[in-house]
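S.K.: My structure is below; once you've seen it, I'll send some questions.
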Amino acid sequence: MEFPQRYVIVIRADSTDDALEEALHLTYLFLMRALNEHRARGRNGEYEVFAVELLSMLQRYRSVYTTRA
């Protein structure tokens with residue numbers, strides 16, 4: 001299967017930890033937007049449960065993957 005490329009995300013970082021932090025922040029952002037779209041369209045269900053649990057986990061462990069500037 002070949003899928004068309006729609007997005008290119010470039011993360012510039014000084015270390016792997018910094019790159020991971022940015023990637024997790026982007027994951028949180030995109031997951032929240034997708035969840036809001038699903039809710040606006042009335043498509044609740046397993047996706048909502050998955051999204052809310054993952055968002056909760058990312059928020060709970062934010063201090064672990066976020067570096068202090």
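Values in this text are rule-based calculations from the coordinates and carry no lab data. These numbers come from a predicted model, not from an experiment. No Cβ is skipped: glycine too gets one built from the backbone with ideal geometry, and neighbour counts run over all protein chains shown.
S.K.: So what's the Cα pair-distance distribution over the chain, bin width 10 Å, in %?
M.R.: In order of increasing distance, the bins hold 17, 38, 33, 11, 0 percent.
S.K.: Relative to the longest principal axis of the chain, what angle (0 to 90°, nearest 10) does the C-alpha long axis of helix 16-40 take?
M.R.: 20 degrees
S.K.: Using 0.36 nm per residue, how much length does the chain from TYR47 to THR67 gain when fully extended, once their Cα-Cα distance is taken away?
M.R.: Details: separation 20, 0.36 × 20 = 7.20 nm, distance 2.97 nm.
Roughly 4.2 nm would be gained on extension.
S.K.: Next question, about the same structure. List the chymotrypsin sites (Phe, Trp or Tyr not before Pro) within the range 3-47 that fall in a DSSP loop (any state other than H, G, I, E or B) and whose Cβ has at most 16 other Cβ atoms within 10 Å. Before the final figure, lay out the partial values.
M.R.: Working: sites: TYR7, TYR28, PHE30, TYR47; in loops: TYR7.
When the chymotrypsin sites (Phe, Trp or Tyr not before Pro) of the range 3-47 are filtered for loop state and at most 16 Cβ neighbours within 10 Å, TYR7 remain.
S.K.: Loop-only check: which GluC sites (Glu not before Pro) in the chain are DSSP coil with at most 12 other Cβ within 10 angstrom? Please report the intermediate quantities before stating the final value.
M.R.: Numbers: sites: GLU2, GLU21, GLU22, GLU37, GLU46, GLU48, GLU53; in loops: GLU2.
Here the GluC sites (Glu not before Pro) that fit, given the DSSP loop and packing criteria, are GLU2.
S.K.: If you don't mind, there's one more thing I want to ask. Take every Cα pair under 8 Å in the chain that's 6+ residues apart, average their separations, divide by the length, and report that relative contact order as a whole percent. Could you put the intermediate results ahead of the total?
M.R.: Working: 23 pairs, mean separation 24.1, N = 69.
Relative contact order of the chain: 35 percent.
S.K.: Place a point 7 Å from the Cα of ASP17 along the Cα-to-Cβ direction; which residues of the range 29-69 have their backbone N under 20 Å from it?
M.R.: 58-69
S.K.: Roughly what angle does helix 46-60 make with the longest principal axis of the chain, taking Cα atoms, 0 to 90 degrees, to the nearest 10?
M.R.: For helix 46-60, the angle is close to 20 degrees.
S.K.: Would you mind getting me the FRET efficiency between TYR28 and ARG6? Use the beta-carbon distance for r and R0 = 22 Å, nearest 0.05. Please list the in-between numbers first.
M.R.: Working: r = 20 Å, r/R0 = 0.91.
With R0 = 22 Å, the Cβ-Cβ based efficiency is 0.65.
S.K.: Still on this structure, please answer the following. Could you put VAL10, VAL64, VAL49 in order, starting from the residue whose Cβ has the fewest other Cβ atoms within 10 Å? Mind dumping the intermediate values first?
M.R.: Details: VAL10 4, VAL64 7, VAL49 10.
Sorted ascending by nearby Cβ count, the order is VAL10, VAL64, VAL49.
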